[in-house]
Amino acid sequence: MTRKLFLIGSVLLAIGHSSFEQIVVKSIRSFGAKGDGKTNDTQAFQKAASYFNSIGGNGKLIIPKGTYIVGLQDLSNGQKNKPCYSGEDILHFINVKNFTVQGQKGALLKFADGLRFGAFDPTTKQAYDHGNTRFTNYAYAAQAGTCICLENCNGVKITGIIMNGNNTKAAMGGIYGDVGIQLAYDGISILNSHNITIDSVTASYFGRDGLYVLNQPGSQPDNILIQHSLFEYNCRQGFSWVGGNGVTVKNCGFNHTGKSSYMSAPGAGVDIEGEVGISTNGIFENSSFIDNSGCGIVSDGGGRDSDCHFINCTFWGSTSYAVWVTKPAFSFLNCTIYGSIAHGYSSANDNDATRFTKCHIEDRSYNGNKQRDGYLINTNGAYRMSFDNCTLVANTIKLMWMDTRVTVPVEEKYNVSNCHFIVMGSAYPQKDFVGVMRGVNYKNNTLEFKDPAAKNKGYWLSGCCDANTIDLGGNTIIYDK
């Protein structure tokens, strides 16, 4: 019996030792990278990616402290089916597993000055202004490439790296695509990859997206975790989620999109738009969506997006809406929303309806920039939305425009309960309405006017006495003196 146990233990030790030996740890310096802020280290990073691709991962690439200048472009010289300038990916991993890219403190990957981006004349090599709102002649395309791309990977972690796309020093060309410049110039791209962790990373100042996720729809969760990371001052999106099942975001910032050198629509903090089927099962916690050229969060268009939940998040719309959602099963819990909320989902059931619970919603300007809409909430006819235990503070604009057709049955009306509506404004015209709440089931709400003259001025909430609105009791109006 003792000998059998010894043999079993020896086998287990051998297996463990063999597995340990398969883990390869390499420094980017071993592939020739200098990190001196002067040398273009693109080829060293590409060699590292090729090496780990050849062994299928099972290792770690360490990037020591330093400034690594990256980014190269190939000039096509008029070759058929080639873009005018073809940007090279820096780290492009394909089919790797059980792998980590770890940046040590102070590890910065910075794109080189002068990379061309947009439409360029393949003959003159100059920026090409075609005068059209849409342009897709590939021979005129100039793209900068992607800093880190994961393609068909599993079990990969990227941590501790600062990536700077340097879009303020890019050579900008003309419009390319349907709107703006829709060409590759991204921080991180995740393509058909699973069990991915992005931790303590910055991907900012890129010409397109800080983060781009495109997974083909599948029955199993993708298990993509993004935490403690920043995606700021990118030109199109902080984060474009265009396909997949299962993304969790914690303690991240998606801010100032389109506020550096250029803006391509939608210009959002986060755009959830299932271009390859569906983007579903997203959780965003303790994250910020502040001062974006477009919306803080937008989910619109043709994709079948659903089931995304925002918890303890901050939205601050400066030049556009804070929140724009038209897809099912989006919810907001304990969120602070400065700016306007647009749309909502017209649902056939309560689970799919857009829900706001314990949220603070207020028109507060950002660096002097005013809100986009004249209302804190403009549902644009979407019904069955709910607001529960929310506080709405209208400083200069109006509270809400909730209005739905008369034929909507009781169970499909808006549901507003236990909310506190505070009207700070005093500059509305005499006898003006401060909001519209028509087609609503409302209960235990308080409407408070802070202007002492509000009652004499005849300020009122429209729709409350409408036949299509149901007062379930406990609703009060307070005029401050």
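Computed from Cα positions, the angle between helix 42-54 and the longest principal axis of the chain comes to roughly 80 degrees.
Could you check what % of the DSSP bridge pairs in segment 275-375 are antiparallel, to the nearest 5? Could you put the intermediate results ahead of the total?
Values: 1 of 28 bridges.
Rounded to the nearest five, the antiparallel share is 5 percent.
Round to the nearest 0.05 the FRET efficiency obtained for Leu75 and Asn40 when R0 = 22 Å and r is the Cβ-Cβ distance.
Details: r = 16 Å, r/R0 = 0.72.
E between Leu75 and Asn40, to the nearest 0.05, is 0.90.
The ranking of Ser219, Ser386 from fewest to most other beta carbons within 10 Å of each one's beta carbon is Ser219, Ser386.
Listed by chain and number, the aspartates and glutamates whose alpha-carbon sits under 12 Å from that of Lys259, ignoring those within fewer than 8 places in the same chain, are Glu232, Asp291. Karplus-based coupling profile of segment 107-121, in residue order and whole Hz: 7, 10, 9, 10, 5, 5, 5, x, 5, 7, 8, x, 8, 10, 5, with θ = phi - 60° in 6.51 cos²θ - 1.76 cosθ + 1.60 and x standing for Gly or Pro. Once both labels are positioned 7 Å from their Cα atoms along Cα-to-Cβ, the gap between Ser27 and Ile55 label points is 1.7 nm. Approximating the spin labels as points 7 Å out from Cα along Cα→Cβ, the His130-to-Asn351 distance works out to 4.6 nm. Evaluating 6.51 cos²θ - 1.76 cosθ + 1.60 at θ = phi - 60° for every residue in segment 342-352, the Karplus couplings come out as 10, 6, x, 10, 7, 9, 8, 8, 5, 5, 8 Hz, glycine and proline recorded as x.
Cβ-Cβ distance of Thr391 and Ala112, R₀ of 41 Å, FRET efficiency by 1/(1 + (r/R0)^6): the value works out to about 0.25. Compared with the dominant Cα axis of the chain, that is its longest principal axis, helix 2-21 is turned about 80°.
Quote to one decimal, in nm, the extra length available between Thr407 and Glu151 on full extension: 0.36 nm per residue of separation minus the C-alpha distance between them.
Values: separation 256, 0.36 × 256 = 92.16 nm, distance 5.00 nm.
That works out to 87.2 nm of additional length.
What separates the Cα centres of segment 290-367 and segment 199-248 is a distance of 18 Å.
Based on Cβ point charges of +1 for Lys and Arg and -1 for Asp and Glu, what charge dipole magnitude is obtained for the chain about its Cα centre, in debye rounded to the nearest 20? Walk me through the numbers on the way to the answer.
Details: 41 positive and 39 negative charges, 216 e Å.
Dipole of the chain, to the nearest 20 debye: 1040 debye.
Find the relative contact order for segment 24-479 and round it to a whole percent, using C-alpha pairs within less than 8 Å whose residues are 6+ positions apart.
Working: 1541 pairs, mean separation 32.6, N = 456.
Reported as a whole number, the value is 7 percent.
Answer with a single label: of (i) -0.31, -0.65; (ii) -0.51, -0.71; (iii) -0.24, -0.56, which was calculated as log10 I(q)/I(0) by the Debye sum over Cα atoms at q = 0.05, 0.08 Å⁻¹ from the structure in view? Entry (iii). Under 19 Å from a point 7 Å along the Cα-to-Cβ line of Val276: which residues of segment 81-95 have their amide N that close? Residues 89-95 fall inside that zone.
Could you tell me the calculated FRET efficiency between Lys97 and Ser426, based on Cβ-Cβ distance and R0 = 56 angstrom, to the nearest 0.05?
Details: r = 63 Å, r/R0 = 1.13.
Once rounded, the FRET efficiency stands at 0.35.
Near the amide H of Ile377, within less than 5 Å, lie the amide hydrogens of Ile341, Met400, Trp401, all on another chain or at least 5 residues away, with H placed in the peptide plane. Its convex hull of Cα atoms gives segment 216-321 a direction-averaged projected area, equal to a quarter of the hull surface, of 5.9 nm².
The numbers here are math on the coordinates, done by the rules we state, and not lab data. Predicted, not measured: the structure shown is a model, and the values here were computed from it. Every residue, glycine as well, gets a Cβ built from its backbone with ideal geometry; the counts of neighbours run over all protein chains shown.
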